[in-house]
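Please read the structure below before turning to the comments.
The values are calculated or read from the model by the stated rules, or taken from the named source; none is laboratory data. Everything quoted here is computed from the prediction, not taken from an experiment. Virtual Cβ from ideal backbone geometry, glycine too; neighbours counted across all protein chains shown. Protein only, heavy atoms only, side chains kept; ligands, DNA and RNA dropped before computing areas. Shrake-Rupley method; radii C 1.70, N 1.55, O 1.52, S 1.80 Å.
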Amino acid sequence: MKETDDPLQPHSHEPNPAPPSATPGFWLQWDTNKQWLTPTDLKKWPLVRVPNCYIVSTGHGRSGPFLFGGVAILTLIDEMVGEMAWTQVEVVSGDGFGTRLWAEELRREGGDQIILSYERDKRPLTREAGLVRLIVPSEADDALRQVKWVATVTIK
Ligand SMILES: Nc1nc2c(c(=O)[nH]1)N[C@H]1C(S)=C(S)[C@@H](COP(=O)(O)O)O[C@H]1N2
Ligand SMILES: [Mo]
(Lines give C-alpha, C1' and ligand atoms only; values in the text may rest on other atoms or scores of the structure.)
(Ligands and ions follow the chains in the order given, each with its own letter.)
Protein backbone atom coordinates (compact mmCIF):
# COMPACT_ATOMS: atom_id res chain seq x y z
CA MET A 1 0.00 0.00 0.00
CA LYS A 2 1.30 3.43 -0.94
CA GLU A 3 1.35 5.84 1.99
CA THR A 4 -0.94 8.19 0.07
CA ASP A 5 -3.62 5.46 -0.16
CA ASP A 6 -3.60 4.69 3.54
CA PRO A 7 -6.79 6.00 5.21
CA LEU A 8 -4.88 6.02 8.49
CA GLN A 9 -2.36 8.52 7.10
CA PRO A 10 -4.69 11.29 5.87
CA HIS A 11 -3.22 14.41 4.32
CA SER A 12 -6.00 16.75 5.26
CA HIS A 13 -9.07 16.44 7.39
CA GLU A 14 -11.86 18.68 8.62
CA PRO A 15 -11.95 17.95 12.35
CA ASN A 16 -15.09 16.63 13.97
CA PRO A 17 -15.84 18.92 16.94
CA ALA A 18 -18.26 16.63 18.83
CA PRO A 19 -17.74 13.25 20.51
CA PRO A 20 -19.33 10.36 18.58
CA SER A 21 -20.64 8.80 21.82
CA ALA A 22 -20.65 9.39 25.58
CA THR A 23 -18.47 6.43 26.61
CA PRO A 24 -14.70 6.93 26.94
CA GLY A 25 -13.71 3.22 26.93
CA PHE A 26 -12.00 1.49 24.00
CA TRP A 27 -11.09 -1.98 22.73
CA LEU A 28 -7.49 -3.10 22.74
CA GLN A 29 -7.20 -5.83 20.08
CA TRP A 30 -4.37 -8.19 19.27
CA ASP A 31 -4.17 -11.62 17.75
CA THR A 32 -7.52 -13.22 18.54
CA ASN A 33 -7.90 -11.26 21.80
CA LYS A 34 -9.74 -8.15 22.76
CA GLN A 35 -9.87 -6.28 26.03
CA TRP A 36 -12.15 -3.37 27.00
CA LEU A 37 -10.19 -0.61 28.75
CA THR A 38 -11.53 2.50 30.48
CA PRO A 39 -9.61 5.60 31.66
CA THR A 40 -9.73 4.10 35.18
CA ASP A 41 -8.04 0.93 33.91
CA LEU A 42 -5.27 3.02 32.29
CA LYS A 43 -4.41 4.58 35.67
CA LYS A 44 -2.94 1.33 36.94
CA TRP A 45 0.09 1.86 34.69
CA PRO A 46 2.68 4.61 35.27
CA LEU A 47 1.45 8.11 34.50
CA VAL A 48 3.55 9.72 31.76
CA ARG A 49 3.25 13.49 31.52
CA VAL A 50 4.27 15.15 28.25
CA PRO A 51 4.83 18.93 28.43
CA ASN A 52 4.68 21.54 25.66
CA CYS A 53 2.20 19.72 23.45
CA TYR A 54 0.50 21.76 20.75
CA ILE A 55 -2.49 20.82 18.64
CA VAL A 56 -1.22 22.35 15.43
CA SER A 57 -3.99 22.73 12.91
CA THR A 58 -3.23 24.96 9.95
CA GLY A 59 -6.90 25.46 9.17
CA HIS A 60 -8.08 26.17 12.70
CA GLY A 61 -5.01 27.62 14.41
CA ARG A 62 -2.71 26.27 17.04
CA SER A 63 -3.77 25.51 20.61
CA GLY A 64 -1.54 24.85 23.59
CA PRO A 65 0.94 24.43 25.09
CA PHE A 66 -0.70 21.59 27.01
CA LEU A 67 0.66 19.15 29.53
CA PHE A 68 -0.96 15.87 28.51
CA GLY A 69 -0.83 12.87 30.84
CA GLY A 70 -1.61 9.23 30.27
CA VAL A 71 -0.14 5.83 29.58
CA ALA A 72 2.64 5.16 27.08
CA ILE A 73 1.31 3.01 24.24
CA LEU A 74 4.47 0.93 24.44
CA THR A 75 3.86 0.16 28.11
CA LEU A 76 0.32 -0.91 27.33
CA ILE A 77 1.52 -3.23 24.58
CA ASP A 78 4.37 -4.68 26.62
CA GLU A 79 2.03 -5.37 29.55
CA MET A 80 -0.98 -6.69 27.64
CA VAL A 81 0.35 -8.36 24.54
CA GLY A 82 3.48 -10.04 25.79
CA GLU A 83 5.42 -12.11 23.30
CA MET A 84 3.52 -11.44 20.07
CA ALA A 85 5.66 -10.10 17.21
CA TRP A 86 4.01 -6.86 16.05
CA THR A 87 4.99 -4.09 13.66
CA GLN A 88 2.21 -1.53 13.87
CA VAL A 89 -0.67 -0.16 15.91
CA GLU A 90 -3.87 1.22 14.42
CA VAL A 91 -5.56 3.84 16.60
CA VAL A 92 -9.08 4.62 15.41
CA SER A 93 -11.81 6.83 16.90
CA GLY A 94 -15.53 6.29 17.15
CA ASP A 95 -16.00 8.78 14.30
CA GLY A 96 -13.71 6.77 12.03
CA PHE A 97 -10.64 9.00 12.18
CA GLY A 98 -7.32 7.39 12.95
CA THR A 99 -3.62 6.95 12.53
CA ARG A 100 -1.05 4.19 12.29
CA LEU A 101 1.93 3.97 14.64
CA TRP A 102 4.96 1.89 13.78
CA ALA A 103 6.89 -0.28 16.24
CA GLU A 104 10.02 1.46 15.03
CA GLU A 105 8.83 4.95 16.01
CA LEU A 106 7.51 3.72 19.36
CA ARG A 107 10.89 2.20 20.17
CA ARG A 108 12.86 5.21 18.95
CA GLU A 109 14.03 7.90 21.35
CA GLY A 110 10.96 9.95 22.26
CA GLY A 111 8.65 7.07 21.35
CA ASP A 112 7.87 6.61 25.03
CA GLN A 113 6.13 10.00 24.86
CA ILE A 114 3.42 8.70 22.55
CA ILE A 115 0.56 8.29 24.99
CA LEU A 116 -3.11 7.54 25.38
CA SER A 117 -4.05 10.57 27.44
CA TYR A 118 -6.72 10.91 30.08
CA GLU A 119 -5.56 14.19 31.63
CA ARG A 120 -4.62 17.63 30.39
CA ASP A 121 -2.84 20.22 32.52
CA LYS A 122 -3.16 17.83 35.49
CA ARG A 123 -6.96 17.75 35.28
CA PRO A 124 -9.11 14.98 33.88
CA LEU A 125 -9.41 15.26 30.12
CA THR A 126 -13.06 15.84 29.24
CA ARG A 127 -14.88 13.66 26.72
CA GLU A 128 -15.42 16.79 24.65
CA ALA A 129 -11.63 17.39 24.50
CA GLY A 130 -11.04 13.86 23.31
CA LEU A 131 -10.95 11.41 26.25
CA VAL A 132 -9.18 9.00 25.57
CA ARG A 133 -6.91 10.93 23.19
CA LEU A 134 -3.79 9.78 21.38
CA ILE A 135 -0.93 12.27 21.74
CA VAL A 136 1.97 12.11 19.28
CA PRO A 137 4.19 14.99 20.46
CA SER A 138 6.38 15.04 17.35
CA GLU A 139 3.43 15.54 14.98
CA ALA A 140 2.76 19.14 13.81
CA ASP A 141 1.02 18.41 10.51
CA ASP A 142 -2.56 19.68 10.98
CA ALA A 143 -3.01 17.56 14.15
CA LEU A 144 -3.59 14.54 11.92
CA ARG A 145 -2.27 12.08 14.52
CA GLN A 146 -3.85 13.62 17.63
CA VAL A 147 -6.77 11.20 17.59
CA LYS A 148 -9.66 12.14 19.87
CA TRP A 149 -12.21 9.62 21.26
CA VAL A 150 -10.11 6.51 20.68
CA ALA A 151 -12.45 3.54 20.18
CA THR A 152 -10.07 0.78 19.06
CA VAL A 153 -6.33 0.17 19.38
CA THR A 154 -5.35 -2.74 17.17
CA ILE A 155 -1.90 -4.26 17.41
CA LYS A 156 -0.73 -6.04 14.26
N1 LIG B 1 -11.62 11.51 16.52
C2 LIG B 1 -11.14 12.56 15.86
N3 LIG B 1 -9.93 13.04 16.22
C4 LIG B 1 -9.41 14.09 15.55
C5 LIG B 1 -10.10 14.65 14.46
C6 LIG B 1 -11.39 14.13 14.14
O7 LIG B 1 -12.09 14.60 13.22
N8 LIG B 1 -11.86 13.08 14.86
N9 LIG B 1 -9.54 15.69 13.76
C10 LIG B 1 -8.10 15.92 13.90
C11 LIG B 1 -7.76 17.26 13.43
S12 LIG B 1 -7.63 17.45 11.75
C13 LIG B 1 -7.57 18.31 14.28
S14 LIG B 1 -7.11 19.85 13.70
C15 LIG B 1 -7.66 18.14 15.73
C16 LIG B 1 -8.52 19.19 16.41
O17 LIG B 1 -8.35 19.04 17.79
P18 LIG B 1 -9.03 20.00 18.84
O19 LIG B 1 -10.52 19.80 18.67
O20 LIG B 1 -8.56 19.58 20.18
O21 LIG B 1 -8.62 21.39 18.51
O22 LIG B 1 -8.19 16.86 16.10
C23 LIG B 1 -7.66 15.78 15.37
N24 LIG B 1 -8.20 14.56 15.93
MO1 LIG C 1 -6.46 19.44 11.51
Reciprocal mean inverse distance between Cα atoms of the range 21-80 - Kirkwood radius, Å: 13.7
Percent breakdown of C-alpha pair distances by 5 Å bin, ordered from the shortest bin, for the range 40-132: 3, 11, 20, 25, 24, 12, 4, 1, 0
Long-range lysine pairs (8 or more apart or interchain), the chain, Cα under 30 Å: 16
Values of log10 I(q)/I(0), in the order q = 0.14, 0.28 Å⁻¹, for the range 86-156 under a Debye, Cα-only, solvent-free model: -0.41, -1.37
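At a Förster distance of 41 Å, what's the computed FRET efficiency of D78 paired with Y54, Cβ-Cβ distance as r, to 0.05?
0.90
Near V91, within a Cβ-to-Cβ distance under 11 Å, what is the net charge of the other residues, with Lys and Arg +1 and Asp and Glu -1?
Combined, the nearby Lys, Arg, Asp and Glu give +3.
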Portion, in percent, of the accessible area of the chain that falls on carbon or sulfur, probe 1.4 Å: 49
Translational diffusion of the chain, µm² s⁻¹ [Kirkwood Rh, Cα pairs; Stokes-Einstein; 10 °C; 1.306 mPa s]: 102
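With the other protein chains left in place, how much accessible area per residue, in square angstrom, belongs to the range 42-107 at a 1.4 angstrom probe? Can you show the working numbers first?
Details: 3220 Å² over 66 residues.
Value returned for the range 42-107: 49 Å² of accessible area per residue.
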R0 of 22 Å, Cβ-Cβ distance S63-N33: FRET efficiency to nearest 0.05: 0.05
